[in-house]
1. Could you please give the count of residues in segment 55-66 that are closer than 15 Å to GLY85 by Cβ and surrounded by fewer than 13 Cβ atoms within 10 Å (Cβ to Cβ)?
2. Taking LEU18 as the residue in question, decide whether it is in contact with a Gly (Cβ under 8 Å, 6 or more places away or on another chain), of a type in the set (A, V, I, L, M) and surrounded by 10 or more Cβ atoms within 10 Å (Cβ to Cβ).
3. Residues LYS48, LYS41: which one is surrounded by 10 or more Cβ atoms within 10 Å (Cβ to Cβ) and farther than 19 Å from TYR20 by Cα?
4. For LYS8, indicate whether it is surrounded by 12 or more Cβ atoms within 10 Å (Cβ to Cβ) and more than 15 Å from the chain's Cα centre (by Cα).
5. So which residues in segment 18-59 are more than 12 Å from the chain's Cα centre (by Cα) and under 28 Å from ASP76 (Cβ atoms), if there are any at all?
6. Return the pairs, sorted by first residue and then second, in which the second residue is assigned to a helix (DSSP H, G or I), the first residue lies in segment 3-24 and is modelled with pLDDT of 90 or more, the beta carbons are less than 9 Å apart, and the residues are 6+ apart or on different chains.
Amino acid sequence: LISSVDPKFLNLTKVDDLIYDDFRKTFRDLKIDVLDPEDLKSEPAKEKWRPFCLRFEGVVEDFNYGTLLRLDCRKDYTEENTIFGE
């Protein structure tokens, strides 16, 4: 599904725009093309991520499930380029 649809037209939830707008307000300076694991896993990062995720409790099913993320969006999923985001 993801590879057959232009991503700008793909919505995974009814609140994708709300999530993205809130994400950009909360993580204004976060680079998303090449992720730094410290921006996801350090204690200061977790202090920002937890409240962000909790805002979607009851709005998004399984709001607190983890996901696999590519650290560099230009590269494939490999062991070296993948991190588990909780």
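The values are calculated or read from the model by the stated rules, or taken from the named source; none is laboratory data. As the structure is a prediction and not an experimental result, all values here were calculated from the model. Cβ coordinates were reconstructed from backbone atoms using ideal geometry, including for glycine residues, and neighbour counts include every protein chain displayed.
1. 4
2. no
3. Selected residue: LYS41, the only one of LYS48, LYS41 that is surrounded by 10 or more Cβ atoms within 10 Å (Cβ to Cβ) and farther than 19 Å from TYR20 by Cα.
4. no
5. Answer for segment 18-59, where residues must be more than 12 Å from the chain's Cα centre (by Cα) and under 28 Å from ASP76 (Cβ atoms): ASP29, VAL34, ASP36, PRO37, GLU38, LYS41, SER42, ALA45, LYS46.
6. ASP22/PHE52; PHE23/PHE52
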